[in-house]
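Participant: The following block contains the structure, expressed as structure tokens.
The values are calculated or read from the model by the stated rules, or taken from the named source; none is laboratory data. Keep in mind it's a predicted model, so treat the numbers as computed, not measured. We place every Cβ from the backbone using ideal geometry, glycine too, and count neighbours over all the protein chains shown. Accessible surface areas use protein heavy atoms only, side chains included; no ligands, DNA or RNA. Shrake-Rupley method; radii C 1.70, N 1.55, O 1.52, S 1.80 Å.
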Amino acid sequence: VSVSRAIKPFAEPGRPPDWFSQKHCASQYSELLETTETPKRKRGEKGEVVETVEDVIVRKLTAERVEELKKIIKETQEKYRQLKKDAELIQAGHMDNRLEELCNEIMM
């Protein structure tokens, strides 16, 4: 219950209402456990930290999310550059013949 409530504010648009139900969260976690390779235990000194399956999952999901965010940032920067370029062309008067078309695009 606490996990499903905690992650609900981070929902992506378009998710079905039952996406954050206890049952669905449990099945997603179970699937992650099944698809993640169990780290091999190492013989070592007492007190040595051994990586758990949960650690592997966290590291994997964190890396995936970092890549997603990098992609989103890159796309946003490209969109910003294009909008800035368009704004400069409009201010310079080079797009006067397309102003009506641009206004219609913005309205849509």
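Participant: Between ILE90 and SER2, what is the label-point separation in nm under the 7 Å Cα-to-beta-carbon projection?
Facilitator: 5.0 nm
Participant: Related question: Hey, what did the chain get for relative contact order, percent, Cα under 8 Å, at least 6 apart?
Facilitator: Relative contact order, the chain: 14 percent.
Participant: Using the beta-carbon distance between MET108 and LEU69 and R0 = 22 Å, what value does 1/(1 + (r/R0)^6) give for FRET efficiency, to the nearest 0.05?
Facilitator: For MET108 and LEU69, the calculated efficiency is 0.20.
Participant: Sticking with this one: Can you give the convex hull volume of the alpha carbon atoms of the chain per residue, in Å³?
Facilitator: Convex hull volume per residue, Cα atoms: 190 Å³.
Participant: Quick one: ranking MET95, MET107 by accessible area, 1.4 Å probe, largest first, what do you get?
Facilitator: Largest to smallest exposure gives the sequence MET107, MET95.
Participant: Continuing with the same structure: Compute the orientation-averaged projected area for region 68-107 from the convex hull of its Cα atoms and round it to one decimal in nm².
Facilitator: 3.2 nm²
Participant: Would you please state which residues of region 1-25 a label at VAL53 would reach in this model, taking the label point 7 Å out along Cα→Cβ and a backbone N cut-off of under 18 Å?
Facilitator: Inside the label zone: 24-25.
Participant: For every helix of n ≥ 4 consecutive DSSP H residues, a contribution of -39,500 (n - 2.57) applies; sum these over the chain, divide by its total residues, and give [θ] at 222 nm rounded to the nearest 500 deg cm²/dmol.
Facilitator: -21500 deg cm²/dmol
Participant: Quick check for the chain: number of Lys pairs with alpha-carbon distance under 23 Å, counting only pairs 8 or more apart or on different chains?
Facilitator: So the count works out to 17.
Participant: Right, something else. Keeping all protein chains in place, calculate the accessible area per residue for the chain (probe 1.4 angstrom), answer in Å².
Facilitator: Here the per-residue accessible area is 93 Å².
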